[in-house]
Amino acid sequence: MSYSSFINKPTASAYKAIFTLLLVAQTLFPCPVLAVSSQTINSSENFSQQYSAVTKKILLSGIELERFSLNFRLENARQPKFRKLRFFLAQETGASCGLAYEIVGINQTNKGKRRPLKIGKSALQGGLATAMVGSIIAATGSTIELGSNLNQQRQARQHGYDEKSANKFVKDKLKQIDELIAQREALVTANESVAGHERAEIEGSVLRAMRNSFINEYSHFNADIRGNLAFQDLFFFLNASYNALGAVAAGVAYEGVSKPKLNGTANILFIVSGGMASVSPLLSSAASKIARKSAFNSLNKELNEKPQFDASAFAAQCKKLEETAGTDSGSLIPSLPATQRLALYTESDDLFRKQLDSETKTMRKLDKIALETSVLGPAIGAQLMTQGILGTVGYYRYATQPRKQISEFFRGSVVGAVGTSMAVVGNAAWLLSSMSYEHRLAREKRLPEQLIKSRLEHLAELEKTISAI
């Protein structure tokens, strides 16, 4: 048999001889190339599994923190049922009764300017009794709302959404996330030669930025809620206080109709009551700012850091991560698509919060009845205080000159009528405007609670995607 025929038609013995030679050669001289390739594949697969597992934990922990933050905002910002109507009826009753008294006072003192004996004592007492009842109703209304706030805060504490419990939860969850991020970074550093390392580093920057975004959002929600509750609680307390004082003043003035020596005391009480009404919105706003700052500082101290989030830098990191979407490392690191989806959610956080803040701010302005606003409150209170000042001046300066004294009372009643009229009209305008605005927001799905619930639904979908990694 020729050499060419052996090549073209190898026999079984020839195959056997070749295989034996290869086996002996591999045993005596193992091929390093084959061994390294096998080791690299195993290393890549092991890295991919560990990497995906720890990244999945980070993403799920981040979602848990974000969900808690949203529920914390939803629980604490919820307004008691029927508050709007209850508070309107109480304040409108108080203002209307006050206006009724001022009308009677104008009528009777106008007669008394010329003929003091023509003043109807029974009419004045009826007007003062009406004003006293109205002030008691207004004070009771604010007391009920203050109690309602305290009850809601108690319920939030039971559910773990009070400031102390919430801060502890966030601190513990943040510690867990930081430990996972450190574990992930150590894994990435130890596998620099593995394919997809560069993209893993980019994803790490995105994850850390998302962590900052979630804690920054909670910090914002916490400060906003603390500030709003401080405003409401102090306003309701002051409102109840100056209305109760007004009721006492009206009661003393009622007795003063038959015992003129009490008129000086009654007018001084009206001055104090009006002064409290004029400064209550300013004091409440100051308390709100202090509470907000305190909430920020308290959280910063507890977390030992100041929550910061750079939206523009995060957007740049997300874009960089997206640009690597077509690389082969996507199959090696299956967590990346889920990270990109959560990053898109987080990137929209700034727009969401601005919209939420805008709607909340507008609703809170509308939820403050006319006496509470920074414009009408001081003006109305100042006019009621002016009425008391005019009455006090008339009583003490013109004690022996009845006509001049009653003229001062008349001027005071005119000023008081303007103030109480502003309160009556302001209350009605507030109720109509707030109801109209809330109806429009509800129709457009832009009420704060609707916006938050929509975010929670989105989070639930993301959680399913991440859990499938």
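If you go through the stretch 52-89 and keep only what is farther than 18 Å from ILE452 by Cβ and buried (at least 23 other Cβ atoms within 10 Å of the Cβ), you end up with THR55, ILE58, LEU59, PHE87. Taking the conditions (1) assigned to a helix (DSSP H, G or I); (2) touching a residue at least 40 places away in the same chain (Cβ under 8 Å) in turn, ALA460 satisfies each one other than (2). With respect to (1) closer than 30 Å to GLY126 by Cβ; (2) basic (Lys, Arg); (3) touching a residue at least 40 places away in the same chain (Cβ under 8 Å), the lone exception for LYS320 is condition (1).
Where residues in the stretch 394-427 are β-branched (Val, Ile, Thr) and within 49 Å of the chain's Cα centre (by Cα), which of them is surrounded by the fewest Cβ atoms within 10 Å (Cβ to Cβ)?
To start, the set of residues in the stretch 394-427 that are β-branched (Val, Ile, Thr) comprises 400, 406, 414-415, 418, 420, 424-425.
After this cut, where a residue has to be within 49 Å of the chain's Cα centre (by Cα) as well, the list is 414-415, 418, 420, 424-425.
On the way: VAL414: 16, VAL415: 20, VAL418: 17, THR420: 26, VAL424: 18, VAL425: 13.
In this case the residue turns out to be VAL425.
All conditions in (1) closer than 26 Å to SER69 by Cβ; (2) among the acidic types (Asp, Glu); (3) more than 31 Å from the chain's Cα centre (by Cα) hold for GLU203, with the sole exception of (3). Do we find a residue being touching a Lys or Arg at 6+ places or on another chain (Cβ under 7 Å) and within 27 Å of GLN155 (Cβ to Cβ) anywhere in the stretch 65-75? Within the stretch 65-75, one or more residues are touching a Lys or Arg at 6+ places or on another chain (Cβ under 7 Å) and within 27 Å of GLN155 (Cβ to Cβ). For first residues located in the stretch 73-90 and within 21 Å of VAL424 (Cβ to Cβ), partners that are not aliphatic (A, V, I, L, M) and not in a helix (DSSP H, G or I) and lie 6+ apart or on another chain with Cβ distances below 9 Å form the pairs ARG86/PRO80. Being part of a helix (DSSP H, G or I), under 22 Å from PRO307 (Cα atoms), out of contact with any strand residue (DSSP E or B) (no Cβ under 7 Å at 6 or more places or on another chain) and modelled with pLDDT of 90 or more is a property that ILE202 lacks. All told, GLY196 falls short of being closer than 30 Å to ALA138 by Cβ, small (Gly, Ala, Ser), in contact (Cβ under 8 Å) with a residue 24 or more places away in the chain and surrounded by 20 or more Cβ atoms within 10 Å (Cβ to Cβ).
Residue-wise test of (1) part of a helix (DSSP H, G or I); (2) more than 20 Å from the chain's Cα centre (by Cα); (3) surrounded by fewer than 20 Cβ atoms within 10 Å (Cβ to Cβ); (4) without any contact (Cβ under 8 Å) to a residue 40 or more places away in the chain.
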| position | (1), (2), (3), (4) |
| --- | --- |
| ARG208 | yes, yes, yes, yes |
| PHE214 | yes, no, no, no |
| ARG226 | yes, no, no, no |
| PHE231 | yes, no, no, no |
| PHE236 | yes, no, no, no |
| VAL248 | yes, yes, yes, yes |
| VAL252 | yes, yes, no, yes |
| GLU255 | yes, yes, yes, yes |
| GLY264 | yes, yes, yes, no |
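Of SER148, SER135, which residue is within 37 Å of the chain's Cα centre (by Cα), polar (S, T, N, Q) and within 18 Å of GLY391 (Cβ to Cβ)? Before the answer, list the steps.
Values: SER148 fails: within 18 Å of GLY391 (Cβ to Cβ).
Unique residue meeting the criteria: SER135.
Restricting attention to the stretch 381-401, the residues being assigned to a helix (DSSP H, G or I) and either within 19 Å of VAL248 (Cα to Cα) or of a type in the set (Gly, Ala, Ser) (or both) number 14.
The values are calculated or read from the model by the stated rules, or taken from the named source; none is laboratory data. This one's a predicted model, so the numbers in the text were calculated from it and none came from an experiment. No Cβ is skipped: glycine too gets one built from the backbone with ideal geometry, and neighbour counts run over all protein chains shown.
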